1. Could you identify the single residue in B:THR51, B:THR59 that is touching a strand residue (DSSP E or B) at 6+ places or on another chain (Cβ under 7 Å), on the phi < 0 side of the Ramachandran plot and open to solvent by 30 Å² or more (accessible area, probe 1.4 Å)?
2. So B:TYR207 fits all but one of (1) away from chain A (no Cβ under 13 Å); (2) surrounded by fewer than 18 Cβ atoms within 10 Å (Cβ to Cβ); (3) more than 28 Å from B:PHE172 (Cβ to Cβ); what number is the exception?
3. Within segment B:34-43, can you find the residues that are open to solvent by 10 Å² or more (accessible area, probe 1.4 Å) and either more than 11 Å from B:ALA91 (Cα to Cα) or out of contact with any Lys or Arg (no Cβ under 9 Å at 6 or more places or on another chain) (or both)?
4. What residue, among those in segment B:246-279 that are part of a loop (DSSP other than H, G, I, E, B) and crowded, with 17+ Cβ neighbours inside 10 Å, is nearest to the other protein chains (Cβ to nearest Cβ)?
5. Inside segment B:231-259, can you point out the residues that are touching a residue at least 60 places away in the same chain (Cβ under 8 Å) and within 24 Å of B:MET200 (Cα to Cα)?
6. Just the residues that are open to solvent by 50 Å² or more (accessible area, probe 1.4 Å) and in a helix (DSSP H, G or I), please, taken from segment B:182-198.
7. Go through the residues of segment B:285-307 one by one and say whether even a single one is over 29 Å from B:ALA5 (Cα atoms), at pLDDT 95 or above and more than 9 Å from chain A (Cβ to nearest Cβ).
8. Kindly indicate which of B:ARG67, B:ARG28, B:ARG72 is over 23 Å from B:THR108 (Cα atoms) and open to solvent by 20 Å² or more (accessible area, probe 1.4 Å).
Amino acid sequence: MADMEGKRAVQGKFADLNYYEMLDIRPDAVPFEIRHAYQNAIQMYEPGSLVSYSFFSEHERKEILAHIEKAYLTLVNGKERQGYDAELVRRGVLKGDVCREKADKKPVSIFSISRSSVLQPVCQKKAELKARIAQCPRIGAIAQKTDICGADLQEIREALGVTLEQIADETKIRLDYLRAIEASEASRLPAPVFLKGFVKAYLKHLCVDPGEEISTRYMAALSVQSEGKAS
Amino acid sequence: MELMAYVWPIGGGKGGSGKSFLTSSLGRLSAGLGKKTLLIDLDLGAANLHTLVDLPYPTKCFSDFIRKKIPRLEDTVVETPVENLYLISGAHDNLDIANLPYEQKIKTLKAIARLDYDHILLDLGAGTSFNTLDFFLISHNGIFVTTPEPTSIENVYRLIRSIYFRRIRHCFNVTDFKALEEAADELYGRGAVNRPECMMEVVRLKYPETHAQIQDDFNGFRFKLVLNQLRRHDNAGLGQQICRIIEKHLGLRIEFAGNVAYDDHVHDAICARVSFLERYPYTRTAGDLRELSKSVVQTAGEQMLINYS
Ligand SMILES: Nc1ncnc2c1ncn2[C@@H]1O[C@H](COP(=O)(O)OP(=O)(O)O)[C@@H](O)[C@H]1O
Ligand SMILES: [Mg+2]
């Protein structure tokens, strides 16, 4: 990785930063990263931004935005960037062996991008589920009930827009067991030791917390119910 | 002077951002871990921590110490209904912290440093009076609280700048500081004296050694920022970005400690005068608070009381 000489981005003088520092990127950043950083910077510094509200005077803000624009236009243009890098090397800010060419050749950056796109859906899904749970007071209310029955779990699952098939797919729990869990049909369910693990896995897949406790309450309610049927 | 306990001053520019709610929640979580925890309500004039820990009529309070009715600060501590949780209440105080005389402030700071607790949380209230700033600077662990509203963000930025400024001010006598202000005025134009980043630049030019010392000092600080009352449409990355701006433009490192979601149940719990964490443990907000306590009260580091001579 290219090294930046010790200069810290402090003491207010934005204009003294180099373009990489302005955009918060490394000198070997690829165009994709530059565009992303540019969008972030605009979001932080644009006049209506909440992030920097009241932090700058109108004049300072204009200046900063003009610098960011210049930095972006220079760095996304391959030729201009080369010239700019050469200047940084001359000024001793960037070490001579500008590593960007190396970085371009290395498969590393492509690899890391493709890897993140594989990971993203899972993370995103979890984040989305969590967000939905947070936004749906009904789920919180169910999760706090002392008696949790299968229908409660089903209601949570449906509120989250997740199908039983999806759960079966990820947890590898048989679909008929999952159906029996939601129907509270003890007779069609496996022994409690296994069942509790299934319920926990089910809740984990839905990102409903705390899985341990809710599954315990489900188990308790189920055993009360089946005792009632037996007598 | 070394502090006996871990001290977390909690400040935020604006009233209503949730400082007291966070103080009481973090206090409850810390006490729940078996740590002997003390809350000190220094939001004199607007004190309400006692209510948040279900102690409507505290028998003693902070002003008893200031008015010398109770000679030792530790004797103004009252027990709360929560195990391991103690309080120095600010109830019945018609005293304003901004008006606390200098000697009293020093006396209080020193007394806090000697208190024998595992964890101490200071609820500082709003505003940027010198006294509030000095209490915030009592340890390296100050926590800033803001909500995602421009008014609150404006105030927290002002508070952060004031704290920075105050720390610089501590390093100079009146005459030298005046000279610095004049130099800043000249170099950066009017308004520069209110901008610690400009003052620091002048300090760097005139007193490079002091500059390095202040820089060092700030590097030792472990300030944190909490974004409270985040609603679902708010930008979840806001806190991180605020810290980024402060680092980039003030040269101050503030660690983002986390978001705490907005939840109407907070209101319900406060009205019912019960612990929100106990009554609504499965809300996102409760989860956020537990996460926060992990990154705040459960982290330990070196901490020293800043020396007031
Ligand atoms: N995370 C939250 N979600 C919903 N309401 C909150 C939250 N935090 C605080 N509040 C509300 O804001 C009010 C003000 O909080 P408080 O802690 O008294 O603020 P401060 O001490 O900063 O003035 C509380 O009464 C409470 O109703
Ligand atoms: Mg308060």
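1. Details: B:THR51 fails: touching a strand residue (DSSP E or B) at 6+ places or on another chain (Cβ under 7 Å).
Matching residue, one of B:THR51, B:THR59: B:THR59.
2. (3) is the only condition that B:TYR207 fails.
3. Our first condition is that a residue be open to solvent by 10 Å² or more (accessible area, probe 1.4 Å); within segment B:34-43, this holds for B:34-36, B:43.
B:GLY34, B:LYS35, B:LYS36 - these are the residues of segment B:34-43 that are open to solvent by 10 Å² or more (accessible area, probe 1.4 Å) and either more than 11 Å from B:ALA91 (Cα to Cα) or out of contact with any Lys or Arg (no Cβ under 9 Å at 6 or more places or on another chain) (or both).
4. Only one residue fits best here, namely B:GLY251.
5. Answer for segment B:231-259, where residues must be touching a residue at least 60 places away in the same chain (Cβ under 8 Å) and within 24 Å of B:MET200 (Cα to Cα): B:ILE242, B:ILE246, B:LEU250, B:LEU252, B:ILE254.
6. Of segment B:182-198, the ones open to solvent by 50 Å² or more (accessible area, probe 1.4 Å) are B:182, B:185-188, B:190, B:194-195.
Passing the criteria: B:GLU182, B:ASP185, B:GLU186, B:LEU187, B:TYR188, B:ASN194.
7. The first filter runs over segment B:285-307 and keeps only residues over 29 Å from B:ALA5 (Cα atoms), leaving none.
Checked against the condition, which is being over 29 Å from B:ALA5 (Cα atoms), at pLDDT 95 or above and more than 9 Å from chain A (Cβ to nearest Cβ), segment B:285-307 yields no hits at all.
8. Details: B:ARG67 fails: over 23 Å from B:THR108 (Cα atoms); B:ARG72 fails: over 23 Å from B:THR108 (Cα atoms).
Of the residues listed, the single one that is over 23 Å from B:THR108 (Cα atoms) and open to solvent by 20 Å² or more (accessible area, probe 1.4 Å) is B:ARG28.
The values are calculated or read from the model by the stated rules, or taken from the named source; none is laboratory data. Here the structure is a predicted model, which is why all the values come from computation and not from measurement. Using ideal geometry, Cβ is built from the backbone for each residue, glycine included, and neighbour counts are taken over all protein chains shown. Side chains included, ligands, DNA and RNA excluded: accessible areas come from the protein's heavy atoms. Shrake-Rupley method; radii C 1.70, N 1.55, O 1.52, S 1.80 Å.
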